[in-house]
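Before any comments, here is the structure.
Only the coordinates and a few stated rules stand behind these numbers; no lab work does. In this text the structure is predicted, and so the values were computed from the model without any measurement. All Cβ positions, glycine included, derive from the backbone under ideal geometry; neighbour counts span all protein chains shown.
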Amino acid sequence: MYAVIKSGGKQAKVTEGEILEVERLHVEVGEEVEFDPILVVDGDTVMAKPSELSSAKVTAKVVGETKGPKIEGFTYKNKSNNHRRWGHRQIATTIEITQIAKG
């Protein structure tokens, strides 16, 4: 059985026991988080209609937070002595899928 969930504008295909990184979820480590699935597949049964998915839930436990790779940038304007170097690291939340319930 697997499900497709949406988090932070991105979609991910998940199964029970899987660990994945999603965009930051401002939740403490160890807490439970629920996602509304977009699609649930259980063998030959496919649930994709909103009426079928109204009772379906995907439960996950927050394992921790990590930082992504550093993105470095440099802006420069010719002949004006104007240059600027900048960097950014996106923070992500690591979750573990504990249960996929069809409802």
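Key figures
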quantity	calculated
Residues being under 13 Å from Val58 (Cα atoms), outside any strand (DSSP E or B) and among the basic types (Lys, Arg) - total across the stretch 1-25	0
Of all residues in the stretch 32-59 being out of contact with any Ser or Thr (no Cβ under 6 Å at 6 or more places or on another chain) and within 17 Å of Gly8 (Cβ to Cβ), the one that is surrounded by the fewest Cβ atoms within 10 Å (Cβ to Cβ)	Asp36
Only listed residue being charged (D, E, K, R) and closer than 16 Å to Ala3 by Cα, chosen from Glu18, Glu72, Glu32	Glu18
